[in-house]
Each structure stands twice: as structure tokens, then as C-alpha cells.
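Step one of this worksheet: look at the structure below.
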Amino acid sequence: MQRKPNLNSFNLYEFLKHQNSHSLQVPFFLADKDTYKNAHINFPFRTFSYGLGITYTGEGDVFRIGSTDYLVTAGCLTTVGPGMVCQWTGSYTAEHDTVYFTEELFSDLQSNSFLQSLPFFFHGGNHVCKLTDEQLGKITALFSLIKELKDEKSAIPGLVHSLLSLANTFHSIQKSTQKNNAASNKEKITSSFRKLVAEHYPEHKEVAYYATKLNLTPKYLSEILQTEVGKSAKTFIDEYVIMEAKSLLKQTTLSVQEICYWLGYEDASHFTKSFKKLTNVTPTDYRRA
């Protein structure tokens, strides 16, 4: 299946930088809750940068990444990498700090490839990590330093690198404490399933394919997904595809026919029928809304 190479009709990272009069030439942007006040991004969007944020207040907003819902409360560390379709299901008015950046930020560092070793930026990784009070204090202190020195271009790459190293340490600590948990094997299966869906959903939308890849029966795979994420494997796949479709409809100028082929549907009528079944509107009506 031939895909169009450029989906970048709407880039949230560049949009926020432009809206806040920040230079597009600098591969870094620091955001807080005031940044999003006039953005009105209430649809699923595809990311083109890395983002790492810490939430200081709030009882919980749901952040959807693909077909996985994360409850983001005070003290949560959130990470998202390029190529993911995300959506805040609420207004997200909590106090928070988020740093956005691209790989170019580390172009002068010898370890500029280390981003690929951080699983929390990629499909299948854990994108929300609840911090202890001590960990939150360390992250907060580092964010304070980044805010203080945000105009010092030579200092920012090292500070963001330190932030990522700290985040990686916190994720590793959390993972090690869960290592002996009886549910850890189911978590691993869920993570592998999410990664596989992200890689193969255009060609494979059937549960059996993923169950075979994971050496499981479709029934058992769905039971695991129901336990871990609260939905069956088929529902997860369908919702993932719809999130992708919504992003393409709102974020690009691709025609419905082109989006249909991008998502792996044989014809537009099948895509339209599937989209309407899950959203109660046609793709065209969703795009116009």
C-alpha cells in the first residue's frame, strides 16, 4: 500500500510556538496551562515532536494516546513521542509544565541518539508515570531551572537531557518495583499488543493476527486487554483506527478517499460505514464540525 509521505498539514508543536511568538528556528518550547487557553485543540492530533510534562494539580484528566486512556492526576509525569495520535478528553486546566523539543535540540551532543533508547516516548511504552513526593520535588526543581534559563540556548540541551535522564530513572524504578507483581506478564502482553497495533493496523484489523503474533488465543488476548485497559482487543483496534482517522480528517487536507487507503480500507464506503458506526457521524461531517 502506497502512503503519502507528508501528513504535516497541522503541527501542534509549531502552532503553539507561533501562537506564543516563539522562534520556530529553536527546536525547543516550554509550555504551561496558559499556553493552551486559546489553542482550542479539541480533536485527536498527531505529534511531530517529543513532549515531557509534569502535572502539579488536579484530580484527574483523561489523556488518550492511540486507544489507551491515561488518568493524569497531580504528580504525574507524561511523555509522548513523534507519530502518536493523542487527545485530551477534558479541558486540562491543571497547573503543569511541559517541554516540547525535536531531535535537533541534541544535534551538538555526542549522545544525540539516546532518545531512541527511551521506551516511554514510543508505542507500547508507559506514557504516564505517577511520581513520589521526592521524585516530584526533583523534577520540579529541574523545570524551575529550565524556565529560568530558557533563553540561554547553549544551556537548554544539557538541561533537557538531564530532565530525560531523570525521567528514565523514575520509570526504571517504577518498573523494578512492579517486576515481581503477578500482573506484570499481562502488562507486558498489553504493551506488546499496543506496539503491534501501532505498526500493523493498516493491514491487520483482526484480533486473530495479533493473538498469533503473541502466541495467545484471541479469547485470552481479549480477556487480558479487558483486565488491563478496560476494553476488548477488537474494541481497542477499532478505536485506534478511528483515532487515526479523526487526526487525518482534522489535521490534514487528504481527501476521504486518500484517508481510506492510508488506513488500509479497500473502499471509501467501507471506511465511511465503519467510521459512522463508531462515531455516529460520517467522516465528511466530522471534518466539517
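Only the coordinates and a few stated rules stand behind these numbers; no lab work does. All values reported here derive from a predicted model rather than from experimental measurement. Positions of Cβ are generated from backbone atoms using ideal geometry, with glycine treated the same way; all protein chains shown enter the neighbour counts.
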Revision key, fill the gap. Here the gain from full extension of L145 to Y209, 0.36 nm per residue of separation minus their alpha-carbon distance, amounts to 18.2 nm
**Study point:** Förster radius 25 Å - calculated FRET efficiency between D32 and K153 (Cβ-Cβ, nearest 0.05)
**Key:** 0.80
**Study point:** Residue with peak Gaussian network fluctuation, the chain [Cα springs, cutoff 10 Å], from G51, G75, G90
**Key:** G90
Review point. Roughly what would the spin-label model give for E104 and T217, points 7 Å off Cα along C-beta, in nm?
Key: 5.3
Check your understanding: Using alpha-carbon positions, what is the distance between the centroids of region 10-83 and region 183-219, in Å?
Key -> 28
**Study point:** Against the rule of thumb 2.2 N^0.38 Å, how large the Cα Rg of the chain comes out
**Key:** 1.03
Exercise for review: Neighbouring Cβ atoms within 10 Å as the yardstick, rank D238, D133 fewest first.
Suggested key: D133, D238
Exercise for review: Excluding V207 itself, calculate the net charge of residues whose Cβ lies under 10 Å from the Cβ of V207, where each Lys or Arg counts +1 and each Asp or Glu counts -1.
Suggested key: +2
Practice item. Using θ = phi - 60° and the Karplus relation 6.51 cos²θ - 1.76 cosθ + 1.60, list the HN-Hα couplings for region 148-160 in order, rounded to whole Hz, with x at every Gly or Pro. Key: 5, 10, 4, 8, 8, 4, 6, 8, 4, x, x, 5, 5
Practice item. Report the GluC sites (Glu not before Pro) located in region 126-203 that are in a DSSP loop and have at most 12 other Cβ atoms inside 10 Å of their Cβ, or state none. Key: E152, E203
Check your understanding: Given the pairs K17/K231; K37/K188; K138/K195; K17/K246; K37/K273, which span a C-alpha to C-alpha distance of over 29 angstrom in this model?
Key -> K17/K231; K37/K188; K138/K195; K37/K273
Revision key, fill the gap. Treating only Lys and Arg (+1) and Asp and Glu (-1) as charged, each at its beta carbon, one finds that the chain has a dipole about its Cα centre, in Debye to the nearest 20, of 720
Point to revise | Potential extension, K130-E59 segment - 0.36 nm per residue separation minus Cα distance | key: 24.3 nm
